[in-house]
Amino acid sequence: MIDETLLEAMEKMDKAVEHTQHQFSTVRTGRATPSLVERITVEYYGAQVPLQQIASISVPEARQLLIKPHDRGSLDAVEKAIRDSDLGVSPNNDGISIRLSLPQLTEERRREYVKVVKHMAEEGRIVVRSARRDARKAMETAEKAGEISADDLERAEKELEKVTHEHVEHIDVAVGRKEHELLEV
């Protein structure tokens, strides 16, 4: 019972760390990456469709994204979706593809992005701690029901605490890397 609870908590914590790291990739640094436009949805024949499903996205240069829709008829819809997004760049449509030239980030904008990343990290830590709390509650309930002994509960809580610290550390390392990447000129 303890092992199942610990495994379940570890699984939730792993997912929280993974999700947090994925969120970090959507924050713009000085370099262009396809993940910057991943969350953009395009109205395509009356339905909202993720951009990466209707177009190929490549990085021809360090500060440029090239978006080539599979269907040229969707070019205007893709351009409109990019313009309406919070990217802060204007798309250049050449009739075949769309180029996004990412300007150099200002110092002020970099600091704002660092705050955003730190907020994302804190949300990830909260999810990890929530998984710890749920696991601890389940183990305490089992101990009260007589399914496990007090010693087993104490050992399991120490293991749970260790696992929680490891996962929080993974998030801290990732936020440190992203912060360094953002402040790098």
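Only the coordinates and a few stated rules stand behind these numbers; no lab work does. Just so we're clear, the structure is a prediction, and the values are computed from it rather than from any experiment. Because the Cβ atoms are built from the backbone with ideal geometry, glycine has one as well, and the counts that use them run over all protein chains shown.
As a footprinting exposure proxy, order His167, His180, His19 by other Cβ within 10 Å, with the fewest listed first. Let's see the in-between values first.
On the way: His167 25, His180 11, His19 14.
The order, fewest Cβ neighbours first, is His180, His19, His167.
How high is the relative contact order of the range 34-101? Use alpha-carbon pairs under 8 Å, at least six apart in sequence, and give a whole percent. Write out the running numbers ahead of the final one.
Working: 105 pairs, mean separation 19.2, N = 68.
The value is 28 percent.
Suppose R0 equals 30 Å. What FRET efficiency, 1/(1 + (r/R0)^6) with r the Cβ-Cβ distance, do Ser130 and His180 give to the nearest 0.05?
0.60
Can you compute the charge dipole magnitude of the range 34-101 about its Cα centre, using +1 on each Lys and Arg Cβ and -1 on each Asp and Glu Cβ, nothing else charged? Give it in debye, rounded to the nearest 20.
Charge dipole of the range 34-101: 120 debye, to the nearest 20.
By the scheme Lys and Arg +1, Asp and Glu -1, what is the net charge of all other residues having a beta-carbon under 13 Å from that of Glu161? Don't skip to the answer; put the middle values down first.
Details: positive: Arg129, Arg132, Arg133, Arg136, Arg155, Lys158, Lys162; negative: Glu154, Glu157, Glu159, Glu166, Glu169.
Overall, the nearby charge balance is +2.
Hey, what do the phi angles of the range 116-131 turn into as Karplus ³J(HN,Hα) couplings, whole Hz, using 6.51/-1.76/1.60 and θ = phi - 60°, x for Gly and Pro?
After applying 6.51 cos²θ - 1.76 cosθ + 1.60, I find 4, 5, 5, 5, 4, 5, 5, 4, x, 4, 4, 5, 4, 5, 5, 5 Hz.
Pairs of lysine in the chain with Cα under 28 Å and at least 8 positions apart or on different chains: total?
24
What FRET efficiency would be calculated for the residue pair Asp172, Gln52, taking the C-beta separation as r and a Förster radius of 30 Å, to the nearest 0.05?
After rounding, the FRET efficiency stands at 0.50.
Counting only residues 5 or more places away or on other chains, whose amide H sits under 5 Å from the amide H of Ala55 once H atoms are built in the peptide plane?
HN-HN under 5 Å from Ala55: His70.
Per DSSP H run of n ≥ 4, the term is -39500 (n - 2.57); total these for the chain, divide by its residue number, and report the mean residue ellipticity at 222 nm rounded to 500 deg cm²/dmol.
Helix-only estimate at 222 nm: -20500 deg cm²/dmol.
Could you check the simple spin-label distance between His165 and Ser85, using points 7 Å along Cα→Cβ, in nm with one decimal?
For the pair His165/Ser85, the computed spacing is 4.1 nm.
Just want the answer: with Cβ charges of +1 for Lys and Arg and -1 for Asp and Glu, which residue in Tyr45, Ala9, His19 is farthest toward the dipole's positive end in the range 1-77?
Tyr45
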